[in-house]
Every structure is written in C-alpha cells, then in structure tokens.
1. Do the conditions hold for Leu170, that is, is it in contact with an Asp or Glu (Cβ under 9 Å, 6 or more places away or on another chain) and hydrophobic (A, V, I, L, M, F, W, C)?
2. State whether the residues of region 49-60 include one that is modelled with pLDDT of 95 or more, within 14 Å of Leu140 (Cβ to Cβ) and either not charged (D, E, K, R) or not in a strand (DSSP E or B) (or both).
3. Pick from Gly97, Gly133: which is more than 21 Å from Arg32 (Cα to Cα) and over 14 Å from the mean Cα position of the chain (by Cα)?
4. If we only count strands (runs of 3 or more DSSP E) wholly inside region 83-181, which ones have 1 or more residues that are without any contact (Cβ under 8 Å) to a residue 12 or more places away in the chain and either at negative phi or buried (at least 18 other Cβ atoms within 10 Å of the Cβ) (or both)?
5. Within the set of pairs 6 or more residues apart or between chains, which connect a residue that is within 8 Å of Val36 (Cα to Cα) inside region 48-71 to a residue that is of a type in the set (A, V, I, L, M, F, W, C) and surrounded by fewer than 20 Cβ atoms within 10 Å (Cβ to Cβ) with Cβ atoms less than 6 Å apart?
6. For region 65-78, indicate whether the set of residues that are among the small types (Gly, Ala, Ser), assigned to a loop (DSSP other than H, G, I, E, B), within 23 Å of Leu155 (Cβ to Cβ) and at pLDDT 95 or above is non-empty.
7. May I ask you to say which residue of Thr26, Thr10 is closer than 22 Å to Ala96 by Cβ and at pLDDT below 95?
8. Inside region 44-65, can you point out the residues that are charged (D, E, K, R) and on the phi < 0 side of the Ramachandran plot?
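The values are calculated or read from the model by the stated rules, or taken from the named source; none is laboratory data. Bear in mind that the values here come from a model prediction, so they are computed numbers and not experimental data. Note that each Cβ is placed from the backbone with ideal geometry, even for glycine, and that neighbours are counted across all protein chains shown.
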Amino acid sequence: MSGMPDGSVTGEVPNAGPEAPDDPQTGDPARRILVVGYGNPGRRDDGLGPALVARLAALGLPGVTVESDYQLSIEHAQLAAQHDVVVFADAATDVAGDAPFYLRPVEPAPDASCFSHCVSPPAVLQLAAECFGAHPRGWLLGIRPLDLETFAEGLTPVAERNLGSAVDALREAFGIWRQAR
C-alpha cells in the first residue's frame, strides 16, 4: 500500500492534500459526490463497479449519489456536472502488487474514440467542462478482479474481499474529503 508519483494510492485512501478533492488551501468543498460504477455483472468480476454502487446505495450515505451502467457514455457528463467529486469505479487488472484496489486522480481530457456510447473517465470530465461549464474533481477507483472471462453472475470470493476493502476506503475518503472543507 503505497503512494505513486502521479498522486494515486494503492490499497488506501489519499490524504486531504493538494491532490485531494477537498483542498483546505483553496477552499474547494466536496459536498456532492457521485460514484459511477460500470462493468458487466454477467461476466463475474467485471461486475465490480456495479457491485460497489449497490453496496454504497444500501448504506444510504448522505451527499453521495450512485449510478450503475455497463459502460460510460456522454450522458454521464451531465450527471458529473451536478457534483463536486466524481469517482469512476471499475474492475482493473493493473492494480499494483497485492493491493486490492487503487484510487487515482483523473484529469479532464478529450477522448479519441469516435463512439458516443463508450467514453473514458477523462472524456466524461472534459465533456462536463465543455458542455456544462462544470469542473468536478475526478478519481478512478480500480478494483482487482480474479475472473473476467466467465459468463456468470456473482463475484468471486477474492473480488468480494477486494470490493469490501474498496467500500471501506471510499467511506473513509468521503469523510476525509468533507472534513477538509
């Protein structure tokens, strides 16, 4: 569990510092938080993003909006524009070492894709800025999967454990981001 040069963390929550969504130096408050979980629940652990938002929805956390989808689309930019912080959650095979997840900052950037029904987290943020004049802070939550190939519903036990760690870390992050106001 360590910090990365790009400001990301693996297996833990980032401190409320210059890269955190709630920067005490600039007074940028994070009051409205959106978590978009995406992936295919019919492909075992590819459903980690939707499973995360289902768990968060069951907790009923104030100030937290959850959205689940198979993939990101341009329509998510409008929803992102209504929030101060957006967390994009998905299964990720690039989690470092043995960490159960990572949480990395995401900056707006245009998408090279020519398809409007499948866009990247940076493109969603870019569209929120261009179309709605909104500049939410973005984070990418990548949760380590075990099985992305099997056509079946339900997470593997390994993915369930990693999901639990990610939910706990996000709850902690929400608290840190709000306290830094």
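1. On the way: in contact with an Asp or Glu (Cβ under 9 Å, 6 or more places away or on another chain): no; hydrophobic (A, V, I, L, M, F, W, C): yes.
The answer is no for Leu170.
2. Yes, that holds for at least one residue.
3. Gly97
4. On the way: elements: 85-91, 101-106, 137-143.
It comes to none.
5. Val66/Ala57
6. Start the filter on region 65-78 by keeping residues that are among the small types (Gly, Ala, Ser), which leaves 68, 73, 77.
Filter again for assigned to a loop (DSSP other than H, G, I, E, B), leaving 73.
Now narrow it down to the ones that are within 23 Å of Leu155 (Cβ to Cβ): none.
Scanning region 65-78 turns up no residue that is among the small types (Gly, Ala, Ser), assigned to a loop (DSSP other than H, G, I, E, B), within 23 Å of Leu155 (Cβ to Cβ) and at pLDDT 95 or above.
7. Within the list Thr26, Thr10, the selection yields Thr10.
8. Narrowing region 44-65 to residues charged (D, E, K, R): 44-46, 55.
Once the filter is applied, which keeps residues that are charged (D, E, K, R) and on the phi < 0 side of the Ramachandran plot, region 44-65 yields Asp45, Asp46, Arg55.
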